[in-house]
1. What is the residue count in region 1-18 for residues that are over 14 Å from residue 62 (Cβ atoms) and either assigned to a strand (DSSP E or B) or touching a helix residue (DSSP H, G or I) at 6+ places or on another chain (Cβ under 7 Å) (or both)?
2. Can you tell me which of 72, 4, 65 is modelled with pLDDT of 95 or more and closer than 26 Å to residue 150 by Cα?
3. Looking only at region 24-45, count how many residues are touching a residue at least 60 places away in the same chain (Cβ under 8 Å) and in a loop (DSSP other than H, G, I, E, B).
4. For region 49-58, check the following and say yes or no: at least one residue is surrounded by fewer than 16 Cβ atoms within 10 Å (Cβ to Cβ), in contact (Cβ under 8 Å) with a residue 40 or more places away in the chain, in contact with a helix residue (DSSP H, G or I) (Cβ under 7 Å, 6 or more places away or on another chain) and within 14 Å of residue 12 (Cα to Cα).
5. Against the condition assigned to a loop (DSSP other than H, G, I, E, B), farther than 21 Å from residue 5 by Cα and within 14 Å of the chain's Cα centre (by Cα), how does residue 111 come out, does it pass?
6. Given the criterion in a loop (DSSP other than H, G, I, E, B) and either under 13 Å from the mean Cα position of the chain (by Cα) or at pLDDT below 95 (or both), identify the matching residue among 130, 141.
7. Residue 44 - would you say it is in contact with a helix residue (DSSP H, G or I) (Cβ under 8 Å, 6 or more places away or on another chain), modelled with pLDDT under 95, buried (at least 17 other Cβ atoms within 10 Å of the Cβ) and within 25 Å of residue 149 (Cβ to Cβ)?
8. Return yes or no: is residue 9 touching a residue at least 60 places away in the same chain (Cβ under 8 Å) and either within 22 Å of residue 150 (Cβ to Cβ) or buried (at least 17 other Cβ atoms within 10 Å of the Cβ) (or both)?
C-alpha cells in the first residue's frame with residue numbers, strides 16, 4: 001500500500017518509494033515530474049512565479065521551486081533526460097481583469113518556460129480556467145488524478 005503525502009504551498013516532495021502525493025491548487029501551480037526508467041515521481045506547489053530577491057529563496061516562488069524539484073529528482077538517481085512533466089493549476093479563481101493581477105497565468109508561463117529551458121517535455125497539463133483543482137500523483141507510475149474543486 002503506497003504511503004500518502006499532502007504538500008502545501010512552498011513544498012517539494014520526491015516519492016522514491018511508491019507514494020500518493022496530493023495537493024489543492026487555485027492560482028498556484030504544481031509541476032509533477034516523473035522518470036519512467038527509475039519509476040520515481042515528484043511534485044512541487046508554488047504560489048507566485050518569481051522571487052523578487054527580497055528575503056529567502058523560498059520554493060513558494062516558481063523560479064526557485066522548479067529548478068529545486070528537478071535537482072531533487074536528479075539527486076535521488078533520476079536522469080534529467082528521462083524526466084517528463086505534467087503541469088496543473090494557475091486558475092483565475094478571483095475575478096480580476098488587470099494583467100498584473102493575473103498570478104495564475106504568470107505561474108503557468110514560468111513553469112512552461114523553465115521546463116523548456118531544462119529540456120523537460122510537458123506530456124499533460126490542465127491549467128488556467130476559473131476552478132481550483134485537487135490532484136493526486138502516484139509517484140511510481142507518474143499517473144495523476146484530477147478533480148475540480150467545488151464539484152462532487
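1. 7
2. Answer to the selection: 4.
3. As a first pass, look at region 24-45 and keep what is touching a residue at least 60 places away in the same chain (Cβ under 8 Å): 24-34, 36, 39-43.
From what is left, the residues that are in a loop (DSSP other than H, G, I, E, B) are 26-28, 36, 39.
Going through region 24-45 one residue at a time, the tally reaches 5.
4. For region 49-58, residues surrounded by fewer than 16 Cβ atoms within 10 Å (Cβ to Cβ), in contact (Cβ under 8 Å) with a residue 40 or more places away in the chain, in contact with a helix residue (DSSP H, G or I) (Cβ under 7 Å, 6 or more places away or on another chain) and within 14 Å of residue 12 (Cα to Cα): present.
5. no
6. 130
7. no
8. No.
The values are calculated or read from the model by the stated rules, or taken from the named source; none is laboratory data. Since we're looking at a predicted model, the values are computed, not measured. Note that each Cβ is placed from the backbone with ideal geometry, even for glycine, and that neighbours are counted across all protein chains shown.
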